[in-house]
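The values are calculated or read from the model by the stated rules, or taken from the named source; none is laboratory data. These numbers were taken from a predicted model, which means no experiment stands behind them. In this analysis, Cβ positions are derived from the backbone assuming ideal geometry, glycine residues included, and neighbour counts consider all displayed protein chains. Each accessible area value is taken on the protein alone, full model and side chains, heavy atoms only, with ligands, DNA and RNA left out. Shrake-Rupley method; radii C 1.70, N 1.55, O 1.52, S 1.80 Å.
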Amino acid sequence: MVFLAKSTMSQRLPALSLAAVPGRRRATLDLAREIESRGFPAIYCPSMNDGVSLCGALAQVTERVRFGTSIQPIYTRHVQDFAQAASFIHETSGGRFDFGIGVSHAPAMDRLGVSTGKPLGDIRRFVDELRAVPRAGELPRIVLAALRQRMIGLAEEIAGGLVFANGARTHMTTSLGALRAESRADPGFFIGNMIPTVVSDDIEAAKARNRRTLASYAALPNYRAYWKEAGYEEEMNAVEQALAAGEFDRVGQCLSDRWLADTTLFGPPAQVREGIEAWFDAGIKVPIIVPSSTNGGQFRAFEEFFGIWA
């Protein structure tokens with residue numbers, strides 16, 4: 001694996017999303033060390049595979065970088081197990097761990113045979129029970145997965161922050177308006193967003209890659225409701241028509257360039273850097289880049305992303 005030189009640029013650096021897949025877990029930890037050595041502020045582990053285990057390993061192989069789950073579905077383990085694991089990682093990392101949690105999505109939970117309730121009630125109950133587990137030890141900062149204003153408000157009430165996934169940048173003023181000014185200004189209150197990102201001079205190929213990434217999200221009712229709220233009713237209505245006709249392959253075609261530019265980053269290095277700055281300016285304190293590549297997997301995507309800071 002060949003990495004490019006560490007950046008000397010003064011531009012604000014984003015956090016990075018990192019997943020560990022079977023057969024590449026040791027290499028993923030090497031990549032985490034590389035992320036830290038380059039000065040990126042944080043690493044966040046998505047719900048695919050086992051983000052909690054990856055965070056446990058990050059506590060041991062890194063020294064300075066902050067890290068966390070973004071997010072861990074609350075239904076996949078007993079709350080007592082979560083409390084013990086989160087406290088262990090928090091303590092052994094020297095307080096660098098953020099426990100990002102959420103309800104995930106109905107199709108994913110259905111595949112596991114998990115029965116779920118109302119998202120707001122389930123999250124509130126989980127956080128209460130997590131904090132009540134005896135002899136678990138000190139817990140890390142809790143961050144809630146959020147899209148719409150009721151969950152954003154709950155994050156301010158019971159947690160230490162919130163994280164969007166595939167949020168719409170132009171809608172952030174409205175979304176973050178659900179928070180008090182004090183929370184928006186508080187450096188200890190986490191406000192993040194996971195942003196699918198492809199660095200490529202072939203803009204059309206980069207857009208196509210992001211469309212493939214987000215087509216499955218567009219198939220979810222809660223995401224369509226959010227994106228309609230954000231001003232993309234025409235696109236989401238077209239998605240619903242495609243799904244009703246059983247034409248899932250057509251979903252990506254319904255996602256306009258305007259929508260794509262508002263929810264993802266793509267294009268040559270300068271364009272991606274400008275897009276990251278725009279996310280900071282929109283009120284996202286921690287943009288979380290989710291790298292993809294038009295011609296390779298995660299490791300190739302990171303090489304391409306590191307290259308924009310050379």
In this structure, the FRET efficiency calculated for Arg150 and Glu274 from their beta-carbon separation, with R0 = 41 Å, to the nearest 0.05, is 0.80
Shape metrics for segment 178-226, restricted to C-alpha atoms - Rg then Dmax, Å: 15.9, 42
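So, by mean Cβ neighbours within 10 angstrom, what's the order for 80-88, 285-293, 112-120 with the highest one leading?
On the way: 80-88: 18.9, 285-293: 23.3, 112-120: 12.2.
With the highest mean Cβ count within 10 Å placed first, the list reads 285-293, 80-88, 112-120.
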Rounded to the nearest whole number, the Stokes-Einstein translational diffusion coefficient of segment 154-310 at 10 °C and 1.306 mPa s (Kirkwood radius, C-alpha pairs) in µm²/s is 97
Work out the length of the dipole vector of segment 36-114 about its Cα centre, built from +1 on the beta-carbon of each Lys and Arg and -1 on the beta-carbon of each Asp and Glu, and round it to the nearest 20 debye. 140
I need the trypsin sites (Lys or Arg not before Pro) found in segment 141-226, filtered to DSSP loop residues with at most 12 other beta carbons within 10 Å of theirs. Arg180
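With only alpha-carbon pairs counted, each pair once and no self-pairs, how large is the Kirkwood hydrodynamic radius of the chain in angstroms?
Numbers: mean 1/r = 0.0503 Å⁻¹.
Hydrodynamic radius (Kirkwood, Cα pairs) of the chain is 19.9 Å.
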Convex hull over the alpha-carbon atoms of segment 9-111: what's its volume per residue in Å³? 107
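Taking segment 87-169 on its own, what percent of its Cα-Cα pair distances exceed 20 Å?
Numbers: 1390 of 3403 pairs.
Across segment 87-169, Cα pairs with separations above 20 Å total 41 percent.
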In the neighborhood of Phe280, defined by Cβ-to-Cβ distances under 12 Å, what is the net charge if each Lys or Arg adds +1 and each Asp or Glu adds -1? +1
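Scan the chain and report its longest stretch carrying no GluC sites (Glu not before Pro) that are both in a DSSP loop and have at most 13 other Cβ atoms within 10 Å. Write out the running numbers ahead of the final one.
Details: sites that count: Glu63, Glu138, Glu247.
By the stated rule (loop sites, at most 13 other Cβ atoms within 10 Å), 139-246.
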Calculate the FRET efficiency for Ala208 and Gln80 from the Cβ-Cβ distance with a Förster distance of 41 Å, rounded to the nearest 0.05. 0.40
With every protein chain in place, what's the accessible area of Leu179 (1.4 Å probe, Å², nearest 10)? 10
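When the solvent-accessible surface of protein heavy atoms is calculated with a 1.4 angstrom probe, in what order do Val133, Val127 fall, highest first?
On the way: Val133 20, Val127 0 Å².
Ranked from most to least accessible, the order is Val133, Val127.
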Within-12-Å neighbourhood charge of Asn237 [Cβ basis; K, R +1; D, E -1]: -2
Carbon + sulfur, % of accessible area of the chain - ligands and nucleic acids excluded, 1.4 Å: 50
To check my understanding: the extent here is largest minus smallest coordinate of the Cα atoms along each principal axis. What are those three numbers for segment 248-310, in Å, largest first? 38, 31, 18
Stretch gain in nm, segment Phe88-Gln60, where the contour uses 0.36 nm per residue and the Cα spacing is subtracted: 8.9 nm
In nm, the gap between the two label points placed 7 Å beyond Cα toward Cβ at Arg25 and Asp128 is 3.6
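Would segment 59-218 count as rounded, prolate or oblate if I go by the C-alpha gyration tensor, calling it rounded below 1.5 in a/c and otherwise prolate when a/b exceeds b/c, oblate otherwise?
Rounded shape, in that the Cα axes give a/c under 1.5.
Write down the accessible area per residue of segment 154-310 in Å², having rolled a 1.4 Å probe over the full set of protein chains. Intermediate values should be presented prior to the final figure.
Values: 6210 Å² over 157 residues.
Value returned for segment 154-310: 40 Å² of accessible area per residue.
For Ala244 and Leu120, compute 0.36 nm times the residue count separating them, minus their Cα-Cα distance, and round to one decimal in nm. Please list the in-between numbers first.
Values: separation 124, 0.36 × 124 = 44.64 nm, distance 2.84 nm.
Full extension of this stretch gives 41.8 nm more.
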What is the extension gain from Glu34 to Glu157, computed as 0.36 nm multiplied by their sequence separation minus the C-alpha to C-alpha distance, in nm to one decimal? 40.7 nm
On the Cα set of segment 84-134, report Rg and Dmax in Å, please. 13.5, 36
Let me check I've understood the local charge: for Phe67, count other residues with C-beta under 9 angstrom from its C-beta, Lys and Arg +1, Asp and Glu -1. What total comes out? +1
